[in-house]
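J.: Just dropping this structure here.
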Amino acid sequence: MPASVISDTDIVIAMNPEVDPAPFLPVPLATFHILLAVAEESRHGYAIIQDVETRTNGSLRLSPGTLYRSIQRMLDDGLIEEMRERPAPELDDERRRYYRITRLGGAVARAEAQRLSDLVGFARAAGLAPEKI
């Protein structure tokens, strides 16, 4: 998210430094992949579905129902937000809604990535995962 863009969620976090990603952990698989999809750029629903499928080499395909239920929950929780800015009408379908990650969403995604990394470390220590290459 550009530094000049401040969301309502960012204001809440700034005013409440005790906001902690821990209550959101563990993050459901679909939610984590959606956060990854919107981490670098805003995307509309179908673009999120395509990104997840590409990122997972087709092993995870979000259905529209799963995607939009997850998006609604993530909007309610402040992990993502719908963008007010729109691409030029001639470049886009006006029915599309674009989403971007919030500061809280980024904190939750980082905490989940760390949790998963720790889990892989435990599996390695138990001889259940290959050593780092």
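J.: If the Cβ limit is 7 Å and pairs must be 6+ apart or interchain, which residue in the stretch 76-88 that is within 14 Å of Leu35 (Cα to Cα) pairs with which residue that is part of a loop (DSSP other than H, G, I, E, B)?
T.: Sorted first by the residue in the stretch 76-88, then by its partner, the pairs are Gly78/Thr102; Leu79/Thr102; Ile80/Thr102; Glu81/Ser7; Glu81/Thr102; Glu82/Arg97.
J.: Output the qualifying pairs, or none if there are none: Cβ atoms under 8 angstrom, residues six or more apart or on different chains, first residue in the stretch 115-132 and touching a residue at least 60 places away in the same chain (Cβ under 8 Å), second residue in a loop (DSSP other than H, G, I, E, B) and surrounded by 10 or more Cβ atoms within 10 Å (Cβ to Cβ).
T.: Pairs that qualify, where the first residue is touching a residue at least 60 places away in the same chain (Cβ under 8 Å) and the partner is in a loop (DSSP other than H, G, I, E, B) and surrounded by 10 or more Cβ atoms within 10 Å (Cβ to Cβ), are Arg115/Leu25; Arg115/Pro26.
J.: Using the structure shown, decide if Arg96 is in contact with a strand residue (DSSP E or B) (Cβ under 9 Å, 6 or more places away or on another chain) and either part of a helix (DSSP H, G or I) or surrounded by 10 or more Cβ atoms within 10 Å (Cβ to Cβ) (or both).
T.: Values: in contact with a strand residue (DSSP E or B) (Cβ under 9 Å, 6 or more places away or on another chain): yes; either part of a helix (DSSP H, G or I) or surrounded by 10 or more Cβ atoms within 10 Å (Cβ to Cβ) (or both): yes.
Answer is yes for this residue.
Each row is one residue, and each column tells you yes or no for (1) modelled with pLDDT of 95 or more; (2) over 15 Å from the mean Cα position of the chain (by Cα); (3) β-branched (Val, Ile, Thr).
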residue	(1), (2), (3)
Gly45	yes, no, no
Val52	yes, no, yes
Asn57	yes, yes, no
Arg61	yes, yes, no
Gly65	yes, yes, no
Tyr68	yes, no, no
Tyr99	yes, no, no
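The values are calculated or read from the model by the stated rules, or taken from the named source; none is laboratory data. These numbers were taken from a predicted model, which means no experiment stands behind them. With ideal geometry, Cβ positions are generated from the backbone for all residues, glycine too; neighbour counts draw on all protein chains shown.
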